[in-house]
Structures are given as C-alpha cells and as structure tokens.
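The values are calculated or read from the model by the stated rules, or taken from the named source; none is laboratory data. What you see is a predicted model, and the numbers here were worked out from it, not measured in a lab. Cβ atoms come from the backbone with ideal geometry, glycine included; neighbour counts cover every protein chain shown. Side chains are part of the model used for accessible areas, which takes the heavy atoms of the whole protein and leaves out ligands, DNA and RNA. Shrake-Rupley method; radii C 1.70, N 1.55, O 1.52, S 1.80 Å.
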Amino acid sequence: MTDSTVQHSPKKIAVLISGNGSNLQAIIDDQAKTSDLYVIALVISNRPDAYGLERAKKAGIATLCIDHTDYASREEFDTQMQLQLDQAKIDLVVLAGFMRILTQGFTQHFLGKMLNIHPSLLPKYTGLHTHKRALEAGDTEHGLSIHFVTPELDGGPVILQAKVAIENDETEQSLQQKVHQQEHIAYPLVVRWFCEERIQLIDNRVVYFGQQLQQPLLLAEQTSD
Ligand code: GRF
C-alpha cells in the first residue's frame, strides 16, 4: 500500500452532555453523512434526566450516566469519567453543554483531544448567561466559539467562531436561538476537521493545515467548505 492509499481509521469520539443535547443531535446527524470519518462511541451525561441521553439511545449510541452527585469530590467524578473514556479508547472528547467544571488532571489528560463550544465570542463573556450579558452591554454582535479545552475555564485556544448580529428588538431568547442555529453548523464542522487531522493543538496554539492560526477562523468564511 502506498502512502496515498493509506486510509485513517474512523476516530472514536465521545460527547459529554448535561441537558437538551441539540448540539449532540447535530453531530449525530452529521455523522450519518460522514460515517467513515468518525463514530460516536459513547455519550456521557452527568445528569440522569438529560434529554440528550434519549437522543443518543434513539441513534443506537452507547450511553452512560455518571451522576456527579454520587461522588464526594470533583476529582473522584473526573477519575471515573476518565476511566470510562480511556476504556472506550476515545480519540476525541466533545463537550456539548456539559455543565461541570473539569479538574486540571482531567483537562491535562485530554489536552489536544477535547473540544468545547461556548456561546460567546471569546474572550468575551466566559462563564454563564452570555446572551443576557451581551444584550446588557449593548453589543451589536454576539456568537459562539469552539476551542480546545485547557485547564483555564473557557480559556483554551479558539479554533472557530461564528457571529450573529444583535438587532434592536433582540431578546435573550431570540439571541440564544440564533446562536444555537450557528452552533449546529459549526460544531460538526470542527469535529470533522479534528477527525481529518486538519486541526491540532501544538504549544497551546491552534494549528490548521500545518499553519499556526493567528486568530480564530470565522464560520462565514468556511461555509463553502
Ligand atoms: C450551547 O449553547 C452551548 O454553547 C453551551 O451549552 C449549550 C448546550 O445546548 N455550552 P444543547 O444541550 O447542545 O442544546
């Protein structure tokens, strides 16, 4: 077999959720279209009532609930998650509305192999209530960021952002909906890039097609891809 005929075997991804799982659904739908690129080997929720678990089961994906309230400390909870992810030989961990702060040990273990989606144009508005904060600040645009996860909360190097305009009559709910729509396009795209080995984390910088990114990519520039 020559180099040009070498095929990458499909990457095994795990999606971590805490709630609705609409981003998980977008990735499930994308996977059905690009089936040889990656498999969703496992969905983990820290909450037993997360609707995303139903979505996964409906798609025939293995699910696991690791209820954080069953663990005495953050470390013990993360250790259990790490064990399960390692056992499943996961290549990429995708945080999709996973509402737990992760320990340094966990983030180091999966450094360069874990992505998060955050509903703001980072570095603006880390943490919660991002739509409300953007509205209150009188911003004219808002959006989302997909980044590699590092020990710093919502602080890892950003790969891709998508922007939405904030209109005069914008409400928190309408803004959230607009951002969500973009999330469902952007997240599967970045998962594919990772699985195609287009993006890497090297020396705490995003490398895209072998070039260090000087600034995050913007979704509008990528839609024809
Ligand atoms: C998304 O807005 C994402 O940016 C944030 O949590 C939300 C998850 O939504 N991290 P869903 O559970 O995927 O519908």
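Looking across ALA165, ALA137, one residue alone is of a type outside the set (Val, Ile, Thr), in contact with a strand residue (DSSP E or B) (Cβ under 7 Å, 6 or more places away or on another chain) and over 23 Å from PRO10 (Cβ atoms). It is ALA165. Kindly establish whether GLN80 is of a type outside the set (Lys, Arg), within 25 Å of ASP49 (Cβ to Cβ), open to solvent by 30 Å² or more (accessible area, probe 1.4 Å) and not in a loop (DSSP other than H, G, I, E, B). Yes: the conditions hold for GLN80. Can you tell me which residue within region 83-114, out of those that are within 11 Å of the ligand (Cβ to nearest atom) and surrounded by 20 or more Cβ atoms within 10 Å (Cβ to Cβ), is farthest from ILE146 (Cα to Cα)? Here the answer is PHE98. Every test in (1) more than 17 Å from SER22 (Cβ to Cβ); (2) of a type outside the set (A, V, I, L, M, F, W, C); (3) open to solvent by 50 Å² or more (accessible area, probe 1.4 Å); (4) at pLDDT 95 or above is passed by SER224 save one, and that test is (4). For the criterion of being in contact (Cβ under 8 Å) with a residue 60 or more places away in the chain, in a strand (DSSP E or B), open to solvent by 20 Å² or more (accessible area, probe 1.4 Å) and under 22 Å from LYS124 (Cβ atoms), LEU201 passes.
As a summary of the residue check, GLN176 satisfies the conditions (1) touching a Lys or Arg at 6+ places or on another chain (Cβ under 6 Å); (2) part of a helix (DSSP H, G or I) except for the one numbered (1).
Which count do you get for residues in region 122-161 that are hydrophobic (A, V, I, L, M, F, W, C), surrounded by 23 or more Cβ atoms within 10 Å (Cβ to Cβ) and outside any strand (DSSP E or B)? Total satisfying the criteria: 2.
Within region 37-56, is there a residue that is acidic (Asp, Glu), open to solvent by 70 Å² or more (accessible area, probe 1.4 Å) and within 16 Å of the ligand (Cβ to nearest atom)? Working first, answer last.
From region 37-56, those acidic (Asp, Glu) are 49, 54; that's our starting set.
Subsequent filtering for residues that are open to solvent by 70 Å² or more (accessible area, probe 1.4 Å) retains 49, 54.
Next, from what is left, pick out any that are within 16 Å of the ligand (Cβ to nearest atom): 49, 54.
The answer is yes; a qualifying residue exists.
Where residues in region 57-77 are assigned to a helix (DSSP H, G or I) and touching a residue at least 12 places away in the same chain (Cβ under 8 Å), which of them is surrounded by the most Cβ atoms within 10 Å (Cβ to Cβ)? Here the answer is PHE77.
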